[in-house]
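Notes for the one structure printed next.
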Amino acid sequence: MTLQIKDLHKCFGTQTAIEHIDLSVAGTEFVCLLGPSGCGKTTLLRIIAGLLAADSGSLTLDGKNLASQPASARGFGIVFQSYSLFPQMTVAQNVGYGLSIRRTPASAQHQRVAELLDMVKLNEFSACYPGQLSGGQQQRVAIARALAVNPALLLLDEPLSALDARVRAGLRRELRDVQRRLGIPTLMVTHDQEEAMTMADRIVCMNRGRIEQVGTPRELYLQPRTRFVADFMGQSNLLPAATVKALLPELIASIPADMDLAQAQLCVRPERLRLTTHQQGAGRITDITFLGSIQRLRLHWQGLELLAETSSAMCFTPGEAVNVSLAAQDCAWVSA
Amino acid sequence: MNTATSSLTSNADRWLLRACVWLPLAALLLFFALPMLGIGWRSLVQDSDGSLGAGNYAALLNSPGIWRAVGNSLMLGVSVTLLTLLMATVLAYGLERTAMLGKRFISIAMALPVLAPSLVLGLGLIFLLGRGGVLARLLDIRPEIYGFWGLLLANVLYALPEAVLIVRAALRHGDARQYEAAEVMGAGALRQFIDITLPGMTYGLLSAGFVVFTITITDFGNAVVIGGNFPVLATEIYNQVNGQMKFGLGSAVGILLLLPAALSVWIDRVAAHRQGATTLATPPALTPRTVCDKAFLITSLLICGTVYVVIGTVVVASFIELWPYKLAFTLKHYDITISGGYTPLWTSIIVSLLAAVLGTLLLCTLAFGTRRLPGPAAHLANLLSVLPVGVPGLVLGLAYIFTFNSATMPWGVLYGSMVLLALCNYYHYHTQGYVIMMTGMRNISTALEDATAVLGGGTNRVLRDVYLPALRITLLSVAIFLFMRSMVTLAAVIFLVTPSLSLASVTVMRLDEAGLTSEAAAFSTCIMVIVGTMALVLHWVTDRMLTTTSSK
């Protein structure tokens with residue numbers, strides 16, 4: 001099962017929602033569309049679902065053109081942030097809805113519904129109405145409903161955003177487990193980079209209607225290619241190329257050939273800075289924030305303001321002088 | 001969010017959706033836009049020689065009778081509006097912002113005038129204060145009830161519920177935090193009222209004022225029953241057309257009547273825009289204030305008592321041998337044989353049922369269609385749907401007669417049929433029905449629509465599984481609203497009834513005109529019983545539906 005997207009465009013009036021989108025989702029992958037609100041990720045998901053028509057570009061599933069097919073003919077499953085269950089139907093009727101549209105025989109329907117309710121651990125609630133369930137339970141019903149028809153592709157539109165933190169963490173794992181077990185290719189929209197990192201095989205980081213970078217969570221975090229991705233995926237120290245040339249000349253060689261020197265910045269994640277206490281150290285710690293397992297340090301170094309993170313087991317005090325070092329494999333060059 | 005579903009629907013679905021927009025739009029064009037254009041055209045066809053020109057409008061300027069009617073209508077409209085606003089403010093404030101007792105009693109009083117044709121209030125006033133009125137005899141007074149004062153009272157009582165509804169809605173949007181802040185800064189109760197409450201209800205009052213003014217100057221029933229020698233625009237238009245066959249002049253007066261109504265609709269929309277910001281504010285809590293609460297209760301009881309007494313008198317008088325001289329119980333007034341007996345009542349019921357069913361179907365498909373298939377057609381339908389509320393019943397009725405009383409046009413076949421009466425009543429109240437429908441549509445989740453589509457459901461599935469379940473109460477409310485209005489409205493249908501096809505509200509007027517006041521009272525009571533029953537049914541079913549959904 002391969003979903004192939006080529007050069008997709010969509011405008012709303014004069015506003016460009018997405019442009020030049022190329023992407024493929026294959027096999028049993030879990031792909032996250034990650035980006036700030038308004039970046040076009042939901043528009044892309046809705047186009048894939050068939051709820052919105054693209055202006056140009058192609059969309060194929062196993063080589064078959066999807067563009068002319070309405071949402072109801074694509075055979076996908078979808079889960080929205082707002083549960084969106086039928087309030088007048090029981091949990092079992094909700095889960096079996098897609099099957100009854102497909103005129104599946106009643107006995108097969110029963111069996112499939114029971115199977116899925118088992119999977120999302122809601123067996124004893126099959127006769128309840130959505131209004132009697134908690135938010136997390138309702139969202140599990142919605143997931144079961146989307147999976148009941150054996151969708152060719154599962155689409156998730158911020159499915160966990162309406163839930164409180166504890167329920168969300170539990171459901172993340174559950175959703176990922178179910179998806180792995182069934183092996184259904186999945187595309188999830190989220191604005192939460194932590195959620196994307198914990199769940200996705202691959203992250204598609206989007207900004208202003210374009211794809212900034214595609215890669216595994218590790219790649220996006222450690223090898224961001226643009227300043228936007230570096231910022232969005234977590235905190236970082238960004239050093240202009242000129243500064244690097246002056247202070248860390250040994251690193252300047254690693255700059256990619258195609259990158260404009262004036263635009264290039266070196267991205268160093270805070271936990272990759274190595275700090276050692278040293279009387280004559282060039283760095284001076286200005287502030288320490290204790291965060292439990294780790295501590296976050298602000299320091300002055302060669303006229304720069306740096307952010308570092310270390311295990312909270314290490315002993316530092318504000319005003320202390322430290323040596324700062326970093327290795328080439330711990331940083332990445334990004335373009336602004 | 002559904003803006004682009006159009007290009008991604010199957011063929012059958014696309015046609016179904018188009019039908020949902022085009023069918024109601026075509027009906028709106030044929031049964032509202034066309035007649036309104038017709039009356040505009042007709043006002044330009046000069047009565048003198050049948051040629052086109054502004055002759056009718058010139059004739060208007062030169063007829064002193066019409067100027068007198070305009071003056072009277074304006075004077076009456078302004079007086080009724082001021083008095084009604086004052087009373088509505090007291091009642092609405094009492095209901096929304098004080099902890100007074102008897103709120104249910106007051107609410108019921110405010111539901112009563114809606115149950116009957118407006119002229120029932122005039123009838124009641126005549127039984128109380130007219131020649132041989134019971135109060136007039138008891139107190140030995142001869143009040144001038146026929147004319148300005150009678151019309152003033154009857155119209156105030158008739159328009160009051162409408163005004164209370166609007167002012168209450170404005171008061172409901174109060175923000176407790178503002179009052180708490182004022183309290184902390186040391187503002188007293190009066191200051192708080194002037195600085196917070198009053199500004200908050202300005203647009204509500206303005207809007208209510210225009211609605212009351214429009215109701216008053218376009219009301220026909222009371223003008224006929226209790227107007228006496230006090231001619232107003234509504235009776236003038238009727239006389240020009242029915243009495244003197246001056247259709248052109250009648251149309252010109254009709255166009256004149258459109259102005260204040262159109263202005264009021266416009267003000268209402270501006271007000272709605274300005275007050276549109278719905279925050280998550282909670283209105284101030286109701287704390288009992290003994291003196292204040294009592295004052296509001298007494299005033300409210302006086303006002304509502306009047307409503308109960310006036311309407312109650314009509315019911316009682318219908319059972320009295322010879323009001324007010326021979327106070328023996330009798331049912332003889334219910335034995336109505338003239339004016340077609342009870343046939344018009346049955347006709348009214350059938351017409352109202354037709355209006356309810358046709359209207360609800362058309363409104364539902366229109367609301368569904370415009371939401372799912374936005375475009376120029378949907379936009380036009382939305383635009384047209386706002387207009388009927390600005391058209392007084394008399395004008396609409398007149399427009400209908402010009403358009404449908406035609407031997408040459410194909411739609412002429414509808415003339416003299418119940419279907420046309422039903423359609424006239426429905427389009428008279430189209431805007432209100434459309435507003436209720438659109439408000440109901442807000443409860444429908446777009447995500448659920450989308451989920452249904454992705455799960456494989458077509459337009460018919462979306463309609464059946466998403467829209468209809470969410471709209472049950474709304475559909476019922478619209479149907480019953482159309483039924484109730486259709487049972488009691490007089491102005492629009494007065495031109496459309498024929499000797500062989502009359503309606504209940506018209507019969508009440510005819511009975512009263514014939515001097516059979518007690519029979520008119522009896523007939524009115526029958527109407528009130530039927531309409532009141534429907535109102536109770538709606539109340540009961542809605543209650544049940546709400547409790548069953550919330551217990552689910």
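The values are calculated or read from the model by the stated rules, or taken from the named source; none is laboratory data. This structure is a prediction, so every number in the text was calculated from the model and none was measured. Counting neighbours? That spans all protein chains shown, and the Cβs are built from the backbone with ideal geometry, glycine included.
Among the listed residues B:Arg131, B:Arg191, identify the single one that is of a type outside the set (Phe, Trp, Tyr), modelled with pLDDT of 85 or more and over 27 Å from the mean Cα position of the chain (by Cα).
B:Arg191
What helices (runs of 4 or more DSSP H), lying completely within the range B:172-254, carry at least 2 residues that are within 30 Å of B:Met509 (Cβ to Cβ) and β-branched (Val, Ile, Thr)?
Numbers: elements: B:176-184, B:189-192, B:198-218, B:221-226, B:233-238.
Helices (runs of 4 or more DSSP H) meeting the threshold: B:198-218, B:221-226, B:233-238.
Taking the conditions exactly as written (basic (Lys, Arg), assigned to a loop (DSSP other than H, G, I, E, B) and either under 22 Å from B:Gly312 (Cβ atoms) or without any contact (Cβ under 8 Å) to a residue 60 or more places away in the chain (or both)), does B:Arg142 satisfy them or not?
yes
Would you tally the residues in the range A:72-101 being within 8 Å of chain B (Cβ to nearest Cβ), part of a helix (DSSP H, G or I) and small (Gly, Ala, Ser)?
3
Is it fair to say B:Gly433 is within 14 Å of another protein chain (Cβ to nearest Cβ) and crowded, with 21+ Cβ neighbours inside 10 Å?
Against the criterion (within 14 Å of another protein chain (Cβ to nearest Cβ) and crowded, with 21+ Cβ neighbours inside 10 Å), B:Gly433 does not qualify.
If I go through the range A:286-300 residue by residue, how many of them are in a strand (DSSP E or B) and within 27 Å of the chain's Cα centre (by Cα)?
Total satisfying the criteria: 3.
Take the conditions without any contact (Cβ under 8 Å) to a residue 24 or more places away in the chain and in a helix (DSSP H, G or I) and apply them to A:Ala196. Does it pass?
Criteria not met by A:Ala196.
Mind counting the residues in the range B:436-471 that are facing chain A (nearest Cβ under 9 Å) and among the charged types (D, E, K, R)?
Qualifying residue count, the range B:436-471: 4.
Go through the residues of the range B:486-493 one by one and say whether even a single one is modelled with pLDDT under 90 and either closer than 18 Å to B:Leu354 by Cα or out of contact with any helix residue (DSSP H, G or I) (no Cβ under 7 Å at 6 or more places or on another chain) (or both).
yes
Just to be sure I understand the filter: pairs with C-beta atoms under 7 Å, separated by 6 or more residues or on different chains, first member in the range B:18-37 and free of Cβ contacts under 8 Å to residues at least 60 places away in the same chain, second member buried (at least 23 other Cβ atoms within 10 Å of the Cβ). Which pairs pass?
none
I'm trying to understand the selection: among the residues of the range B:313-329, which are outside any strand (DSSP E or B) and either of a type in the set (D, E, K, R) or surrounded by fewer than 15 Cβ atoms within 10 Å (Cβ to Cβ) (or both)?
Within the range B:313-329, B:Tyr325 is the sole residue that qualifies.
Please tell me if B:Glu519 is crowded, with 23+ Cβ neighbours inside 10 Å and among the acidic types (Asp, Glu).
The answer is yes for B:Glu519.
Please tell me if B:Gly55 is over 26 Å from B:Arg371 (Cα atoms) and either without any contact (Cβ under 8 Å) to a residue 40 or more places away in the chain or surrounded by fewer than 17 Cβ atoms within 10 Å (Cβ to Cβ) (or both).
no
Given the options A:Gly57, A:Gly75, A:Gly40, A:Gly63, name the one that is surrounded by fewer than 16 Cβ atoms within 10 Å (Cβ to Cβ) and either closer than 18 Å to B:Ala447 by Cα or more than 17 Å from the chain's Cα centre (by Cα) (or both). Explain how you work it out, then say what you get.
Values: A:Gly57 fails: surrounded by fewer than 16 Cβ atoms within 10 Å (Cβ to Cβ); A:Gly75 fails: surrounded by fewer than 16 Cβ atoms within 10 Å (Cβ to Cβ); A:Gly40 fails: surrounded by fewer than 16 Cβ atoms within 10 Å (Cβ to Cβ).
Answer to the check: A:Gly63.
May I ask you to list the residues in the range B:71-102 that are surrounded by fewer than 18 Cβ atoms within 10 Å (Cβ to Cβ) and either at pLDDT 90 or above or among the β-branched types (Val, Ile, Thr) (or both)?
B:Gly71, B:Leu74, B:Met75, B:Val78, B:Ser79, B:Leu82, B:Leu83, B:Leu86
When you check B:Met528 against the structure, is it away from chain A (no Cβ under 14 Å) and within 17 Å of the chain's Cα centre (by Cα), yes or no?
Against the criterion (away from chain A (no Cβ under 14 Å) and within 17 Å of the chain's Cα centre (by Cα)), B:Met528 qualifies.
So which of B:Leu511, B:Leu536, B:Leu490 ends up being of a type outside the set (D, E, K, R) and not in a helix (DSSP H, G or I)?
B:Leu490
The conditions are (1) among the polar types (S, T, N, Q); (2) under 17 Å from the mean Cα position of the chain (by Cα); (3) on the phi > 0 side of the Ramachandran plot, and A:Gln179 fails exactly one of them. Which is it?
It is condition (3) that A:Gln179 fails.
For the range B:410-458, what are the residues that are assigned to a loop (DSSP other than H, G, I, E, B) and either over 27 Å from the mean Cα position of the chain (by Cα) or of a type outside the set (S, T, N, Q) (or both)?
Filtering the range B:410-458 for residues assigned to a loop (DSSP other than H, G, I, E, B) gives B:415-417, B:429, B:442-445, B:455-458.
Within the range B:410-458, B:Tyr415, B:Gly416, B:Tyr429, B:Arg442, B:Ile444, B:Ser445, B:Leu455, B:Gly456, B:Gly457, B:Gly458 qualify.
Output the residue which, of all residues in the range B:42-52 that are at pLDDT 85 or above and part of a loop (DSSP other than H, G, I, E, B), is surrounded by the most Cβ atoms within 10 Å (Cβ to Cβ).
B:Ser43
Scan the range A:138-154 for residues that are facing chain B (nearest Cβ under 8 Å) and out of contact with any Lys or Arg (no Cβ under 9 Å at 6 or more places or on another chain) and report the count. Break it down stepwise before answering.
Our first condition is that a residue be facing chain B (nearest Cβ under 8 Å); within the range A:138-154, this holds for A:142, A:145-146, A:149.
The next check asks that each one be out of contact with any Lys or Arg (no Cβ under 9 Å at 6 or more places or on another chain); those that pass are A:142, A:145-146.
Going through the range A:138-154 one residue at a time, the tally reaches 3.
Would you tally the residues in the range A:305-334 being surrounded by fewer than 17 Cβ atoms within 10 Å (Cβ to Cβ), part of a strand (DSSP E or B) and of a type in the set (S, T, N, Q)?
Of the residues in the range A:305-334, 3 are surrounded by fewer than 17 Cβ atoms within 10 Å (Cβ to Cβ), part of a strand (DSSP E or B) and of a type in the set (S, T, N, Q).
Give me the pairs, please: first residue somewhere in the range A:125-137 and facing chain B (nearest Cβ under 9 Å), second residue anywhere and among the charged types (D, E, K, R), beta-carbon distance under 9 Å, and either six or more positions apart or on two chains.
A:Cys128/B:Lys552; A:Tyr129/B:Lys552; A:Pro130/B:Lys552; A:Gly131/B:Lys552; A:Gln132/B:Lys552
Out of all the residues in the range B:219-237, is one or more in contact with a strand residue (DSSP E or B) (Cβ under 6 Å, 6 or more places away or on another chain) and buried (at least 19 other Cβ atoms within 10 Å of the Cβ)?
No, every residue in the range B:219-237 fails to be in contact with a strand residue (DSSP E or B) (Cβ under 6 Å, 6 or more places away or on another chain) and buried (at least 19 other Cβ atoms within 10 Å of the Cβ).
Does A:Leu52 satisfy the criteria of being modelled with pLDDT under 95 and more than 7 Å from every other protein chain (Cβ to nearest Cβ)?
So A:Leu52 fails the test.
Between a residue in the range B:374-394 that is within 14 Å of B:Ala26 (Cβ to Cβ) and any residue that is among the β-branched types (Val, Ile, Thr), which pairs come within a Cβ distance under 8 Å, given they are 6 or more apart or on different chains?
So the pair list comes out as B:Ala377/B:Val21; B:Ala378/B:Val21; B:Ala378/B:Thr370; B:Ala381/B:Val21; B:Ala381/B:Thr370; B:Ser385/B:Thr431.
Condition check: within 14 Å of chain B (Cβ to nearest Cβ), touching a helix residue (DSSP H, G or I) at 6+ places or on another chain (Cβ under 8 Å) and under 29 Å from A:Val25 (Cβ atoms). Does A:Val178 satisfy that?
When the stated conditions are applied, A:Val178 does not pass them.
Does the range A:106-119 contain at least one residue that is surrounded by fewer than 23 Cβ atoms within 10 Å (Cβ to Cβ), free of Cβ contacts under 8 Å to residues at least 24 places away in the same chain and either hydroxyl-bearing (Ser, Thr, Tyr) or facing chain B (nearest Cβ under 8 Å) (or both)?
Yes: the range A:106-119 contains one or more residues that are surrounded by fewer than 23 Cβ atoms within 10 Å (Cβ to Cβ), free of Cβ contacts under 8 Å to residues at least 24 places away in the same chain and either hydroxyl-bearing (Ser, Thr, Tyr) or facing chain B (nearest Cβ under 8 Å) (or both).
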